[in-house]
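*Asks:* Take this structure first; my questions come after.
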Amino acid sequence: MREEMAQREEAELHRSHQKPRSPKGWGLLLALWYLAFYKPIITESHLRRKNIEFVFIRFSAWQYAGCDKLWAGLVTTLCDSIRHHFGALPLSVYHVMGTRPRFASGFSQKEWVLKKDACLKLWGMLFVLGAGLSILLVALLMPGIKDHHALKVVGSAITSLSGSSLVLGAFSILKNLLVSEKQKIERLTNSRRFASQLGFMNKVRSEVEVLVDFLSFMEIFERRRLRVVLEITSLDICYPEKVAGVLNAMNTLLSNANTPFIFILAVDPSIIIPCLEQTGCMKGLADNGYLYLNRTVTLPFSIPEMGSRSRLRCLEAAIQTREDLMYRIITSNVERRRAKCRGAPAVPSRREADAEAVRCIHEAFRCLHDGADPLTRYLPTNGIHVRRIVNTIPITLRLLLHRAGTPGTPSPRAAAAWVVLADQWPCRLSWALQCLEDAWQSQPALDFGSRSLWSIFQENVGELSALRQPLHNVLSLDGDPELFQTFLARDFPFTAREAHAFLGVTVNLDHSIRHKMGLLRSLDCLQKAATPPPVSRSVQCPH
């Protein structure tokens, strides 16, 4: 993401010749000036800007696991991090004097409009304050007028009234400077009447809306897009009700269409889903945690099984911290492998790889848009699932191109079809892949590569039917079974070899489903092995 940020910044500078601004140093004074006296306008040129800045925030749920409300810890971390990133003073001034950005009328390219009402009020108060001070000074210093108490009273009153408005504004800014949004939310949560405060969530939401509007203001000031990236970790070691609270807070923050937040949820689904199914948030979703996650996550990325090179890299990283182990032997193997890699042909440059990736992505999307292509028949009608497919196809193709050294790299159309298959029938596809993996492990001498995935599924569909009770929630994720048959048997007859090639880059399929199926199959085999064969009536059992 940092590399993408730097590339976009360079491209935007080359396109518009406008340098981005920063609210630091002299830029802070300029930001305060715009905050006080100008209204931000969202223009067409601003919407065309491609440069972006990511504000990274790490949230470890375990650090707040002792709180009564874990989601409140998420919101306070968000508020505190944004305050630290941009500074307390600009945010405090925005609370008092800031204006929400509005869209330009017509084709105007002016990004800043003077606040005429604010300027008139300020100049009016200063004029009245100056007049009051003049009257007061005249009444105090001019000989012959010193004895007129009425003039002194009028001057004091005018000065006090006009000065008090300025003092109140400065006091409000100082109050927001000293009392952060984090402290406000913590004060609300620590209140004894916390459970009975009907407007509590409304107050929290209003604080978040102020942050969103402030980020929109800073986007126009800095001449770049801003996205706040929250990385949520350690959620799978918290209590179930707290897990549900954090996911509800995520959905609340993402409820607006133009929200600037991106959540990276790093969790183990095999732990999170039972936690969700134990809480009350599943009411109306048939107590199915998979459905809840599917409606929450717009870009699923299930990390595939680690390959041999990744295993060796992890081993190197672990060995570098333990010099007391057989370090010399293993490092010699590492050096030998690196020397072999140096003799390998040169890999294409990053620019060439990006160009090839863009070409493949466009080809895949052309297949999805082509009404004559059978793939369009299998696109879901649910908007969330369509978005998941559109988000996943570019990542899958980039991963395929990254592994392009292997022979028989699938086409972009096949990759798009595989993404649709994994999204529409995750249970049946996981079952076919698990049966294929078990067959390969039990009979490694046989060649299963040319067999179709549909024939493997047909052979084992009876066993899947026997396990439909423990796999009930997973089976409910699948679409029409008849469409699954026509997809694999007629339109896209993937072979076992192609499935094996795709498995390493399949990120929109929850691999914990396949692991659960493997466990159920092994338990079923153990149960069958432990059951004694039936005894014939003609033979007397010696026991």
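*Asks:* Where the second residue is hydrophobic (A, V, I, L, M, F, W, C) and open to solvent by 40 Å² or more (accessible area, probe 1.4 Å) and the first is on the phi > 0 side of the Ramachandran plot and lies in segment 228-244, which pairs have Cβ atoms under 7 Å and are six or more apart or on separate chains?
*Replies:* S234/W62
*Asks:* Looking at L477, L464, which one is assigned to a loop (DSSP other than H, G, I, E, B), of a type in the set (A, V, I, L, M, F, W, C) and either crowded, with 16+ Cβ neighbours inside 10 Å or in contact with a Gly (Cβ under 7 Å, 6 or more places away or on another chain) (or both)?
*Replies:* Residue meeting the stated conditions: L477.
*Asks:* A further question follows. State which residue is farthest from L253 (Cα to Cα) when the search covers only segment 72-81 and only residues that are out of contact with any Lys or Arg (no Cβ under 8 Å at 6 or more places or on another chain) and modelled with pLDDT under 85.
*Replies:* Step by step, filter segment 72-81, then rank; the result is G73.
*Asks:* Do you know which residues across segment 363-383 are outside any loop (DSSP other than H, G, I, E, B) and surrounded by 13 or more Cβ atoms within 10 Å (Cβ to Cβ)?
*Replies:* Selection gives E363, A364, F365, R366, C367, L368, P374, L375, T376, Y378.
*Asks:* Okay, moving on. Could you list all residues from segment 217-246 that are open to solvent by less than 10 Å² (accessible area, probe 1.4 Å) and closer than 30 Å to L47 by Cα?
*Replies:* F217, M218, I220, F221, E222, L226, V228, V229, L230, I232
*Asks:* Does L215 qualify as being within 16 Å of T76 (Cα to Cα) and touching a residue at least 24 places away in the same chain (Cβ under 8 Å)?
*Replies:* In short, no.
*Asks:* Only one of these conditions is not met by G462: (1) under 19 Å from K528 (Cα atoms); (2) in contact with a Cys (Cβ under 6 Å, 6 or more places away or on another chain). Which number is it?
*Replies:* (2)
*Asks:* Are any of the residues in segment 349-361 open to solvent by 80 Å² or more (accessible area, probe 1.4 Å), at pLDDT 85 or above and either over 28 Å from I272 (Cα atoms) or assigned to a helix (DSSP H, G or I) (or both)?
*Replies:* yes
*Asks:* Related question: Please pick out the residue among R451, R490 that is under 28 Å from R413 (Cβ atoms), basic (K, R) and surrounded by 13 or more Cβ atoms within 10 Å (Cβ to Cβ).
*Replies:* After applying the criteria, what remains is R451.
*Asks:* From K528, K516, which residue is open to solvent by 10 Å² or more (accessible area, probe 1.4 Å), of a type in the set (K, R), modelled with pLDDT of 85 or more and under 26 Å from Q469 (Cβ atoms)?
*Replies:* Every option except K516 fails the conditions.
*Asks:* Considering every residue within segment 51-61, establish whether at least one is of a type in the set (D, E, K, R), under 30 Å from L247 (Cβ atoms) and exposed (fewer than 14 other Cβ atoms within 10 Å of the Cβ).
*Replies:* Yes.
*Asks:* Restricting the search to segment 1-19, which residues are outside any helix (DSSP H, G or I) and either more than 29 Å from V96 (Cα to Cα) or touching a strand residue (DSSP E or B) at 6+ places or on another chain (Cβ under 8 Å) (or both)?
*Replies:* Selection gives M1, H17, Q18.
*Asks:* When you check T406 against the structure, is it open to solvent by 60 Å² or more (accessible area, probe 1.4 Å), β-branched (V, I, T) and modelled with pLDDT under 70, yes or no?
*Replies:* Here the answer is yes, as T406 does meet what is asked.
*Asks:* Separate question: Does L35 count as in contact with a Gly (Cβ under 9 Å, 6 or more places away or on another chain), touching a residue at least 40 places away in the same chain (Cβ under 8 Å) and closer than 29 Å to F171 by Cα?
*Replies:* Criteria met by L35.
*Asks:* Now for a different question. Out of segment 82-108, which residues are at negative phi, at pLDDT below 80 and open to solvent by 60 Å² or more (accessible area, probe 1.4 Å)?
*Replies:* Selection gives F107 alone.
*Asks:* Looking at segment 29-43, is at least one residue open to solvent by less than 30 Å² (accessible area, probe 1.4 Å), among the small types (G, A, S), within 26 Å of V113 (Cα to Cα) and out of contact with any helix residue (DSSP H, G or I) (no Cβ under 8 Å at 6 or more places or on another chain)?
*Replies:* No: segment 29-43 contains no residue that is open to solvent by less than 30 Å² (accessible area, probe 1.4 Å), among the small types (G, A, S), within 26 Å of V113 (Cα to Cα) and out of contact with any helix residue (DSSP H, G or I) (no Cβ under 8 Å at 6 or more places or on another chain).
*Asks:* So is L471 closer than 20 Å to L375 by Cβ and buried (at least 17 other Cβ atoms within 10 Å of the Cβ) or not?
*Replies:* No; evaluated as a whole, the condition is false for this residue.
*Asks:* Now, a different point. Pairs please, first residue from segment 389-404 and touching a residue at least 60 places away in the same chain (Cβ under 8 Å), second anywhere and open to solvent by 30 Å² or more (accessible area, probe 1.4 Å), Cβ atoms under 6 Å, 6+ apart in sequence or on different chains.
*Replies:* Once the first residue is touching a residue at least 60 places away in the same chain (Cβ under 8 Å) and sits in segment 389-404, its partners that are open to solvent by 30 Å² or more (accessible area, probe 1.4 Å) give N391/L299.
*Asks:* Across segment 49-71, which residue is nearest to the chain's Cα centre (by Cα) among those that are among the aromatic types (F, W, Y), closer than 28 Å to R225 by Cβ and at pLDDT below 90?
*Replies:* Going through the qualifying residues, I end up with F59.
*Asks:* Considering only residues of segment 253-287 that are of a type in the set (G, A, S) and at pLDDT below 85, which is nearest to L235 (Cα to Cα)?
*Replies:* The extreme case among them is S270.
The values are calculated or read from the model by the stated rules, or taken from the named source; none is laboratory data. Everything numeric here is computed off the predicted structure, so don't read it as measured data. Using ideal geometry, Cβ is built from the backbone for each residue, glycine included, and neighbour counts are taken over all protein chains shown. The protein model used for the area step is the full one, side chains on, heavy atoms only, and it has no ligands, DNA or RNA in it. Shrake-Rupley method; radii C 1.70, N 1.55, O 1.52, S 1.80 Å.
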